[in-house]
Amino acid sequence: MQLKQCRSCGVEKLLSEFYVRNPDCKGCTLLKRKEDYRKNPDKYKSKELKNNYGITLKEYNLMFAEQDGCCAICGTHQCSTGKSLAVDHDHISGQIRGLLCANCNTALGKLNDNIETILRAADYLRLTQG
């Protein structure tokens, strides 16, 4: 059982409590990342957008402005959701369609972006409305 002392908290911990080549334990590393994210959210948002969708933060902000900060489906403003609008994209082509609130983005995903299923769901709701 090998132990290593964390550079940040000074506590000796098992090697499994450390990432490879990191002098800080996993707990301290996570705290540092959270603090860095709190101070520099645009840095992380920019990296996420580029890695996941191939767009820049500037492009995201332009879409956001074009949609007036609202979900492209339900029209809910981001401020009332407490979360950033999600980048909606076609999972096959990768083409970005717009920005959606978490509920609408999840709904499309749960319906597998299948237009026929979405239309049947809309018909069902129309027929069963009281």
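The values are calculated or read from the model by the stated rules, or taken from the named source; none is laboratory data. Keep in mind that this is a model prediction, so the values were computed, not measured. Don't worry about glycine lacking a Cβ; one is built from the backbone with ideal geometry, like all the others, and counts go over all protein chains shown.
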Would the stretch 96-110 turn up any residue that is without any contact (Cβ under 8 Å) to a residue 12 or more places away in the chain, part of a loop (DSSP other than H, G, I, E, B) and not assigned by TED's automatic domain parsing to the domain that holds residue 22? no
Expected output for the stretch 1-30 (first residue small (Gly, Ala, Ser), partner not in a strand (DSSP E or B), Cβ below 6 Å, 6+ apart or cross-chain) is 8/24; 8/28
Can you confirm whether the stretch 20-43 contains a residue that is modelled with pLDDT of 95 or more, part of a loop (DSSP other than H, G, I, E, B) and either polar (S, T, N, Q) or under 30 Å from residue 112 (Cβ atoms) (or both)? no
Verdict on residue 62 being touching a residue at least 12 places away in the same chain (Cβ under 8 Å) and outside the structural domain of residue 11 (by TED's automatic domain parsing): no
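In the list 84, 93, which residue meets the criterion of being surrounded by 10 or more Cβ atoms within 10 Å (Cβ to Cβ), modelled with pLDDT under 95, hydroxyl-bearing (Ser, Thr, Tyr) and part of a loop (DSSP other than H, G, I, E, B)?
Values: 93 fails: surrounded by 10 or more Cβ atoms within 10 Å (Cβ to Cβ).
Going through 84, 93 in turn, just one is surrounded by 10 or more Cβ atoms within 10 Å (Cβ to Cβ), modelled with pLDDT under 95, hydroxyl-bearing (Ser, Thr, Tyr) and part of a loop (DSSP other than H, G, I, E, B): 84.
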Any chance the stretch 65-80 includes a residue that's β-branched (Val, Ile, Thr), surrounded by fewer than 15 Cβ atoms within 10 Å (Cβ to Cβ) and either in contact (Cβ under 8 Å) with a residue 40 or more places away in the chain or not in a helix (DSSP H, G or I) (or both)? no
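Taking the residues in the stretch 22-44 that are charged (D, E, K, R) and loosely packed, with under 12 Cβ neighbours inside 10 Å as candidates, determine which candidate is nearest to the chain's Cα centre (by Cα). So that I can check it myself, show each step before the final result.
Initially, the stretch 22-44 is screened for residues charged (D, E, K, R), giving 24, 26, 32-36, 38-39, 42-43.
The next check asks that each one be loosely packed, with under 12 Cβ neighbours inside 10 Å; those that pass are 33-35, 38-39, 42.
Numbers: 33: 16, 34: 15, 35: 18, 38: 15, 39: 18, 42: 13 Å.
Only one residue tops the list, namely 42.
To keep it simple, each residue is scored yes or no on (1) closer than 30 Å to residue 100 by Cα; (2) charged (D, E, K, R).
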| residue | (1), (2) |
| --- | --- |
| 6 | no, no |
| 19 | no, no |
| 26 | no, yes |
| 30 | yes, no |
| 36 | yes, yes |
| 44 | yes, no |
| 49 | yes, no |
| 56 | yes, no |
| 62 | yes, no |
What about residue 107, is it surrounded by 10 or more Cβ atoms within 10 Å (Cβ to Cβ) and small (Gly, Ala, Ser)? yes
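Quick check on the stretch 52-64: of everything there that is of a type in the set (Ser, Thr, Tyr) and in a helix (DSSP H, G or I), which residue is surrounded by the most Cβ atoms within 10 Å (Cβ to Cβ)? I'd like the intermediate steps shown before the answer.
Applying the first criterion (of a type in the set (Ser, Thr, Tyr)) to the stretch 52-64 yields 53, 56, 60.
Cutting the leftovers down to in a helix (DSSP H, G or I) gives us 53, 60.
Details: 53: 16, 60: 20.
Looking at residues that are of a type in the set (Ser, Thr, Tyr) and in a helix (DSSP H, G or I), I get 60.
I need the full set of residues from the stretch 48-100 which are on the phi > 0 side of the Ramachandran plot and not small (Gly, Ala, Ser), in order please. Break it down stepwise before answering.
First, pick out the residues of the stretch 48-100 that are on the phi > 0 side of the Ramachandran plot: 54, 68-69, 75, 82, 94, 98.
Within the stretch 48-100, just 68 meets the criteria.
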Residues in the stretch 33-51: is at least one over 30 Å from residue 77 (Cα atoms) and not assigned by TED's automatic domain parsing to the domain that holds residue 84? no
